[in-house]
Every structure is written in structure tokens, then in C-alpha cells.
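Working notes, beginning with the structure itself.
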Amino acid sequence: MNLSENPLPPGDPGVLIIGGGLVGASLAIALDAAGIAVTLVEAAAPRVDAQPSHDQRNLALARASVNGLAAIGVWPHAAARATPIRHIHVSRAGEFGSARIDANTHGVDALGWTLPAHELGAALLRRLDACTRLTRLAPATLEQIEPLAAGWRAQIRTAAGVRPIDAALLVGADGTESRVRAQLGIGAERHDYRQTLFVCTVLPERDHAGRAWERFADDGPIALLPLAERRCGLVLTVPTDEADAVAALDDAAFLALAQRRFGWRLGRLSQPGRRHPYAIQRVAASELTAPRAVLVGNAAQTVHPIGAQGFNLGLRDALTLAELLADAAASGEGDPGAADLLARYAARRVPDREGTMTMSHGLVRLACLPQPLLAPLRSLALLACDRVPPLQRALATRGMGFRGEPPRAVLERQP
Ligand SMILES: Cc1cc2nc3c(=O)[nH]c(=O)nc-3n(C[C@H](O)[C@H](O)[C@H](O)COP(=O)(O)OP(=O)(O)OC[C@H]3O[C@@H](n4cnc5c(N)ncnc54)[C@H](O)[C@@H]3O)c2cc1C
């Protein structure tokens, strides 16, 4: 990669973010709050119904993420529509043992909150509207990038045509099929789980009482997340070669399948909302950074949704990068694309990223393997997480999103 021609013209914004989804928008807001000039380029129009990830999926937001969203002024726009998760219950169909995590035991009011993605999207858009230094281009798409001596020139297409934007730091927040990643020449390792997730809401007979359930089985995991008005967000995984048949089921047959897979802990499940299918893959970038460029969120790593880690991990990417850039600016280090800053970023993110990806991938693979010989080991592992205090503490701390060296914004703050 040649960064020797064409210096960056003075007066251009320092940071250019490609992708204003859940993670890119959070990063733009955090940088704006820190007084850093940013341009945000997003392919979709700035409306909740236009953006693909602002859909009907229900996001389980870890406690750390909610702290972070509060710190950047997003949570006040979303809190009224969020439901606290006070207990988590993990089990495997047909095997003994389960792991339970209880907020009270760990001295907190909630382990996390459930929020429909479109509500988080709406809150981010509202908070973006209040940014004072940010330049937003939407709808606008990145076409290509070329290197400059001290940055990148990005060709951006808007309704008015294609225009160049120069930046000292290019951020790829453009999702799983990241064009930034491809154009930087960063490779990606892919794993197709051959699973399809069906997401909808249901009304259980019994009150969910703030409990989130995760249940593994040979066919894949199923999860129920607590929502407002006694409803639950259902996430049902099926092998992809059965997905068309499941999509074609009428509501009664779909509910019967969900009931068979989940069991009767919450009584009869009824009143399913509209079903949305998602094909699931894991995509991991081989590098987090390139000269004067960095990948965040799904562009850096896309994980299986069942562990509810994707946005939580991506938000920690965004808030760590924002913290490093703000600290550098405050100490007079003016260059946001400096090599040592990006090296510090990668060093901070690698443990959290690898730990979370290993946990999420391992959980889905091990917990769903139809191996009777594994059954006693799995049951013992669940029992140990339930009963052995240090294991239980570690599980709860990580489940609440306090992993690696967390960004300061996610740490607990005194009221
Ligand atoms: C069913 C399901 C359930 C999930 N549940 C959870 C959960 O409970 N908890 C959790 O933490 N995570 C969950 N996730 C994961 C979470 O939704 C993602 O990790 C998160 O949306 C990633 O955000 P992102 O901003 O990195 O990427 P995206 O949301 O994909 O945003 C990328 C953005 O980039 C834009 N873009 C792309 N290319 C260009 C271009 N060339 N120019 C300009 N803009 C471009 C796109 O329009 C898009 O807005 C779930 C995912 C699924 C599918």
C-alpha cells in the first residue's frame, strides 16, 4: 500500500466513518461529544424504516453497553422502551443441569436490558440530530478509496454525484460485507453455521418476570428475551435446509415447534408477531487496522447472534476508539491516524474480541453437538457455572459486558 503521494489538504475532517449503522452512529456520537470533527457516510436515508439493522430484531444489551449508551447521551432516548433483564437461565434440552445468573446476587438492578433494534436506531438518529460538529452524508455510499501521504481519499456517491473526501483516519463501520475491509486488502475468515434464525415476538402464558432464557438443542439454540407488555422476543434457530419449510408454517404450527423446542417453563406461547428469517455466518477480519484505517463492529467481526454479543462487542470497539482519539486530542497529539494510536487500539481490543468470539462460536458448536457422550460434561459445566462462586462471578461479569480492558464510558458511574 503506497501512502506516499498526494498529501492531505489542510482543513479536511480528521476522521471519516463509513457506515452509520448501530456501531458507526455510536462512534460518530462519541467523537462529536469529545469535540472531534467527523464525517459520517451512510448508505441508507436517515429514517428508522430505511436502515437494514434498525429492524424487528430484539437486542439484548449488556449492562456495560447501557452504561456506554448513557454516557454518550443515547440512552435517555431509549430507556422508556427497554425491559430490564434481571435473571438469565441457560440449559440444554434433554440434559440435567442449568446455569442461572441473578442480578440481585451480583448487587445490580439489572444484568442488561432488551430493546428492539428499531428503538435503538430511532434513539441514535435522535442523538445524531443533536451533534454539533458532525457532517452527515446520507444516503451516500463509499465507492472506492485511494491512499494519500497522510490518510485516505474516499470517493463518495450522493444524489449530487461522486465527490472526494480526504481523511487522516478512515473507519470501516460498514457491516459484515465491508467494502472498506475489502478495499484495504484485509482478508476475512468465514464460517457458515448452516443455521437460519427466526425472530418474532410471542405472548407467554406466565409472566417472564425479567428472565432471559437460552436453551440449546441438537437443532440449534432457542432464546426468549423479556419485552414490554409481558411479551417475549423469540429467537428460534433451525438448520438452513429446513428454513423454507419453517417459513411456510402457519402460526399455530410455528408456535407448536417453538413450544416443543423451548418447553413449558412459561406456559403456553401464543400470539406470535411477524417472523423474520436471518441466515447466520461468522465473519472475522484477519486484521483490525491498516495504515490510517480501522475496522469496527460487524466489519471487524460478525458473530452468531445467539450469544447476544454482536452489538455489545461493536459498541466496545467504538467507545474504545473514541476514548483513545479523545485522549490523544486532549494531550495535543493531533493526528487521529497515528500508527502508535492504532497499535494501542488493536492491543486493547484483541483480548475482548478473541474471548467473545471464542465463547460465542464455542457455545453454539459445543452446546448444539448431538453427542450423547458430551452430555454429562455439558451438564457438569452448566452446574459448575451455577454453583461455583468464582465461575458464576466470571460468567456474570462477562455476561454484563465487562470484558478485557473496557472503555471508561461503560464502567459503573456514581449517581
Ligand atoms: C437476529 C439477530 C439478533 C441479534 N441480537 C443481538 C443481541 O441481542 N445483542 C447484540 O449485541 N447483538 C445482536 N445482534 C448483532 C447486531 O445486530 C450487530 O452486531 C450490529 O447491528 C452491527 O452493527 P454495525 O453498525 O457494525 O453493522 P450494521 O448494522 O450492518 O451497519 C452497517 C451500516 O453500513 C452501511 N453501509 C454498508 N456499506 C456501505 C457503503 N459502501 N457506504 C456507506 N454505508 C455503507 C449500511 O447501510 C449499514 O447501515 C443480532 C443480530 C441478528 C441478525
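Derivation of every value follows stated rules applied to the coordinates shown; laboratory data play no part. What you see is a predicted model; the values in this text were computed from it and never measured. Note that we place each Cβ from the backbone using ideal geometry, even for glycine, and neighbour counts take in every protein chain shown.
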Among the residues of the stretch 280-319, write down those that are more than 9 Å from the ligand (Cβ to nearest atom), among the aliphatic types (A, V, I, L, M) and in contact with an Asp or Glu (Cβ under 9 Å, 6 or more places away or on another chain). V283, A284, A285, L288, V294, L295
Within the stretch 212-245, count every residue that is crowded, with 20+ Cβ neighbours inside 10 Å and outside any loop (DSSP other than H, G, I, E, B). 16
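Between R206, R260, which is over 26 Å from G399 (Cα atoms), out of contact with any strand residue (DSSP E or B) (no Cβ under 6 Å at 6 or more places or on another chain) and not in a strand (DSSP E or B)?
R260
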Would you confirm, using the coordinates I've provided, whether L134 is in contact (Cβ under 8 Å) with a residue 12 or more places away in the chain and farther than 23 Å from R179 by Cβ? no
Determine, yes or no, whether D335 is acidic (D, E) and either under 25 Å from T114 (Cβ atoms) or free of Cβ contacts under 8 Å to residues at least 12 places away in the same chain (or both). no
Give all pairs with beta carbons closer than 6 Å in which a residue from the stretch 169-188 that is touching a residue at least 24 places away in the same chain (Cβ under 8 Å) meets a residue that is among the charged types (D, E, K, R) and buried (at least 23 other Cβ atoms within 10 Å of the Cβ); count only pairs at least 6 apart in sequence or on separate chains. L169/R292; G172/R181; V180/D174
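For the subset of the stretch 16-67 comprising residues that are part of a loop (DSSP other than H, G, I, E, B) and among the basic types (K, R), which member is nearest to the chain's Cα centre (by Cα)? Break it down into steps so the answer makes sense when it comes.
Initially, the stretch 16-67 is screened for residues part of a loop (DSSP other than H, G, I, E, B), giving 19-21, 34-37, 42-47, 51-57.
Narrowing the set further to residues that are among the basic types (K, R) leaves 47, 57.
Numbers: R47: 20, R57: 12 Å.
Going through the qualifying residues, I end up with R57.
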Please list, ordered by residue number, the strands (runs of 3 or more DSSP E) wholly in the stretch 95-155 having 3 or more residues that are more than 14 Å from the ligand (Cβ to nearest atom) and out of contact with any helix residue (DSSP H, G or I) (no Cβ under 7 Å at 6 or more places or on another chain). 141-148
